[in-house]
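Visitor: Attaching a single structure in structure tokens format; questions to follow.
The values are calculated or read from the model by the stated rules, or taken from the named source; none is laboratory data. Just so it is clear, the model here is predicted, and its values are computed rather than measured. Note that each Cβ is placed from the backbone with ideal geometry, even for glycine, and that neighbours are counted across all protein chains shown.
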Amino acid sequence: MNTEDAKPDRRDFVKSATGVLGAALTNGFPAIISGQNVSNAIKVGLVGCGGRGTGAASQALHADDYAELTAVADVTQSQVDKCLQTLKAISRVSERVKVEGPKQYLGMDAYQRVIDSGVDVVLLATPPGFRPMHLASCISANKNVFCEKPVATDALGIRSVLDLSEKAKQKNLSLVAGFCWRYNDMIQDTFKQMSDGAIGRVVSYHATYYTNPVKPMPPENTRPPGMSDTEWQVRNWYNFVWLCGDSIVEQAVHSVDKVAWAMHDQPPVSCVAVGGRDIPAEGGNIYDHFEVNYLYPNGVRATVANRQIEGCYNENADYIMGTEGLVTIGRGPVPRIEGRTNWTWTGQKYDMYQREHDVLFASIRKSTPVNDGKRMTTSTLLAMMGRMAAYTGQEITWDMAMNSQEKLFPDHLDMSASLPVVPRAQPGITKFV
């Protein structure tokens, strides 16, 4: 036995609240404990202080009235300052933002210092290329984790995260993924209708994710003098495949995740795809559009189309056809089913981003760990598989994708180092690895 695992830690201390609070720990959301006289605050650390990280920290503090943000990490002080300023302006959580100067960590190793600072929960919200490395340190240190999507940018990372999710289970740690639609009640209810046979057997799924660019690549002449290649790419991370995984993996993965959900998280047989870049961009190496055709057993097809170009028609929708009906999500305020069963969702929608954290903190307080590891890796690899097919112009099987030896994330990162940009993939020329 690992002696470090055998000694008492803060997880045991926090979990002891279950016996004290009893009935106060219900399934009610938000704030699973509110107005109770408890002294064992859950200490939260944030890694990545951008907009998504700031939002995750706010949701964590709203989920549990005795959660405290005690440490943060980023590569720039300005990002840290902006994050803390935003959180301190929120009346309900401001007094629990307790990040003293010494616990505002900067640099490429800042994540480790947050993990080592005595926190109970770590929120991982950096660019996804860092996710496997950061998650490995969290699980090794016995931390509960909120892990933003996607969970890696290459298959090596996927295999690592799969292993880490199993280790989290063995250690009774909670691991909640940022695939927010899984925590949306109107989508949960819609998929429950499908599972109960409302449209018969699913035969096809078409998803669209047409949006504007998330973070357009700035011109090279705006790069500050002396800024290294690595820092320039990290600051503009969405435009580099090793950091973001490309648009289908970083953004349209939400649509891919719903496809996976509808297919009961079983992998497809294979896929083919098209993609490329229509709008020129100086620097960066991502595509601005993809369309992937997945083949599932029994001839079932799923297609995912995404585009990130300004001035175009935008849509985020799902069209699911069954042998006895059709589900439509995103074309109107609520999902609907037409066919043998006619149904329209009539519930009261709750905030899916908040629900992720409500579930996470409830699991910690109640000593009932939740683990999204298997499905968060399945959905991420499903999106990657589409990228692989589009980049190479080849048909890619699930086994090929899972066993790919392509390595996108560098072995050693130095914020002051040069880092040449890998040329954008060219179908028919770029080889599958």
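Visitor: Taking SER416 as the residue in question, decide whether it is under 28 Å from LYS169 (Cα atoms) and either buried (at least 24 other Cβ atoms within 10 Å of the Cβ) or among the small types (Gly, Ala, Ser) (or both).
Guide: Against the criterion (under 28 Å from LYS169 (Cα atoms) and either buried (at least 24 other Cβ atoms within 10 Å of the Cβ) or among the small types (Gly, Ala, Ser) (or both)), SER416 does not qualify.
Visitor: Any idea which of ALA141, ALA152 is assigned by TED's automatic domain parsing to the domain that holds LYS366, small (Gly, Ala, Ser) and in contact with an Asp or Glu (Cβ under 8 Å, 6 or more places away or on another chain)?
Guide: Result: ALA141 is the single residue among ALA141, ALA152 that is assigned by TED's automatic domain parsing to the domain that holds LYS366, small (Gly, Ala, Ser) and in contact with an Asp or Glu (Cβ under 8 Å, 6 or more places away or on another chain).
Visitor: Across the range 291-306, what is the total count of residues that are under 17 Å from MET388 (Cα atoms) and among the charged types (D, E, K, R)?
Guide: Of the residues in that region, 1 qualify.
Visitor: Any residue at all in the range 214-224 that's hydrophobic (A, V, I, L, M, F, W, C), over 18 Å from the mean Cα position of the chain (by Cα) and farther than 22 Å from ARG52 by Cα?
Guide: no
Visitor: Continuing with this model, one more query. Scanning for something at pLDDT 95 or above, within 24 Å of the chain's Cα centre (by Cα) and over 22 Å from MET415 (Cα atoms), does the range 76-83 turn up at least one residue?
Guide: No: zero hits.
Visitor: Checking the condition farther than 24 Å from ASP411 by Cβ, at pLDDT 95 or above and among the aliphatic types (A, V, I, L, M), which residue from LEU124, LEU106, LEU135, LEU46 passes?
Guide: That would be LEU46, the only listed residue that is farther than 24 Å from ASP411 by Cβ, at pLDDT 95 or above and among the aliphatic types (A, V, I, L, M).
Visitor: Regarding the range 367-374, can at least one residue be identified that is part of a helix (DSSP H, G or I) and either farther than 19 Å from TYR183 by Cα or in contact with a Phe, Trp or Tyr (Cβ under 6 Å, 6 or more places away or on another chain) (or both)?
Guide: Among the residues of the range 367-374, not one is part of a helix (DSSP H, G or I) and either farther than 19 Å from TYR183 by Cα or in contact with a Phe, Trp or Tyr (Cβ under 6 Å, 6 or more places away or on another chain) (or both), which makes the answer no.
Visitor: GLY55 is checked against (1) closer than 20 Å to VAL145 by Cα; (2) surrounded by 13 or more Cβ atoms within 10 Å (Cβ to Cβ); (3) modelled with pLDDT under 95; (4) not charged (D, E, K, R) and fails just one. What number does that condition carry?
Guide: All conditions are met except number (3).
Visitor: Shifting gears a bit: Has the range 392-399 got at least one residue that is over 30 Å from LYS43 (Cα atoms) and surrounded by 24 or more Cβ atoms within 10 Å (Cβ to Cβ)? First the steps, then the outcome.
Guide: Residues of the range 392-399 over 30 Å from LYS43 (Cα atoms): 392-399.
When the remaining residues are screened for being surrounded by 24 or more Cβ atoms within 10 Å (Cβ to Cβ), the result is 396.
Yes - at least one qualifying residue is present in the range 392-399.
Visitor: Picking from TYR287, TYR294, which residue would you name as being in a strand (DSSP E or B) and either touching a residue at least 12 places away in the same chain (Cβ under 8 Å) or within 20 Å of the chain's Cα centre (by Cα) (or both)?
Guide: Exactly one of TYR287, TYR294 is in a strand (DSSP E or B) and either touching a residue at least 12 places away in the same chain (Cβ under 8 Å) or within 20 Å of the chain's Cα centre (by Cα) (or both), namely TYR294.
Visitor: Can you tell me which of VAL75, VAL97 is in the same structural domain as VAL145 (by TED's automatic domain parsing) and more than 25 Å from ILE364 (Cα to Cα)?
Guide: One residue alone meets the criteria, VAL75.
Visitor: Can you find a residue in the range 96-118 that is closer than 24 Å to ASN371 by Cα, among the small types (Gly, Ala, Ser) and buried (at least 21 other Cβ atoms within 10 Å of the Cβ)?
Guide: Checking the range 96-118: not a single residue is closer than 24 Å to ASN371 by Cα, among the small types (Gly, Ala, Ser) and buried (at least 21 other Cβ atoms within 10 Å of the Cβ).
Visitor: Related question: Go through (1) buried (at least 24 other Cβ atoms within 10 Å of the Cβ); (2) more than 14 Å from SER379 (Cα to Cα); (3) out of contact with any strand residue (DSSP E or B) (no Cβ under 7 Å at 6 or more places or on another chain) one by one and return the number of the condition PRO297 breaks.
Guide: Of everything listed in (1) buried (at least 24 other Cβ atoms within 10 Å of the Cβ); (2) more than 14 Å from SER379 (Cα to Cα); (3) out of contact with any strand residue (DSSP E or B) (no Cβ under 7 Å at 6 or more places or on another chain), PRO297 misses just condition (1).
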